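To start, the structure itself, in structure tokens.
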Amino acid sequence: MSEEQPEKTSEAQKLMYAVFGIFIIGFALVWTSKDDAGKGKGDNAEAATMRNYVAMQQMATDKCTKMVTEKTGEQVYFVTDTKTDKETYVTLIWEGENAKKGGFKTASCTLNGQLGGISELVIDGKEIINKKIPN
């Protein structure tokens, strides 16, 4: 029995050293990966602009797809063209797949970030929605 005691102590010490080492490595990783380290204010502004653009693009895809489907009765899948200034608006353009069978030819939907929703919807040259943006 006296021979088993030093072995258990040794295993316990190894475990303590491993846990201590993991804590040291964790603190080192957190210390070296701080957001402030090595980044200027411009990087944060660029990241915010990119997040805004992605959010607008996603909102436009969701809202415009639903609205075009509702107004035309056809499900739209793939955007043919996208126009944007990457800050205030996103315009999605679709070409109808069933134009020869009585479906729509083209649909254009603009989402304005200031409005927080669809500001313009044009289907086959007819304005369905046209909201003015407040100054």
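The values are calculated or read from the model by the stated rules, or taken from the named source; none is laboratory data. Keep in mind that what you see is a predicted model, and the values were worked out from it rather than measured. Here the Cβ positions follow ideal geometry from the backbone for every residue, glycine too, while neighbour counts run over all protein chains shown. Protein only, heavy atoms only, side chains kept; ligands, DNA and RNA dropped before computing areas. Shrake-Rupley method; radii C 1.70, N 1.55, O 1.52, S 1.80 Å.
A few comments on the model shown:
- Count of residues meeting criterion [within 22 Å of Gln58 (Cα to Cα) and in contact with a helix residue (DSSP H, G or I) (Cβ under 6 Å, 6 or more places away or on another chain)] in region 77-117: 7
- Selection count where residues are modelled with pLDDT of 85 or more and surrounded by 10 or more Cβ atoms within 10 Å (Cβ to Cβ), scope region 28-44: 1
- First in region 60-81 and surrounded by fewer than 16 Cβ atoms within 10 Å (Cβ to Cβ), second anywhere and among the aromatic types (Phe, Trp, Tyr), Cβ under 6 Å, 6 or more apart: Thr80/Trp94
- The lone criterion from (1) open to solvent by less than 100 Å² (accessible area, probe 1.4 Å); (2) modelled with pLDDT of 80 or more; (3) under 30 Å from Gln114 (Cβ atoms) left unmet by Gln13 is number (3).
- Scoring Ala48 on the criteria (1) farther than 30 Å from Pro134 by Cα; (2) at pLDDT 85 or above; (3) within 27 Å of the chain's Cα centre (by Cα); (4) open to solvent by less than 80 Å² (accessible area, probe 1.4 Å) leaves a single failure, condition (1).
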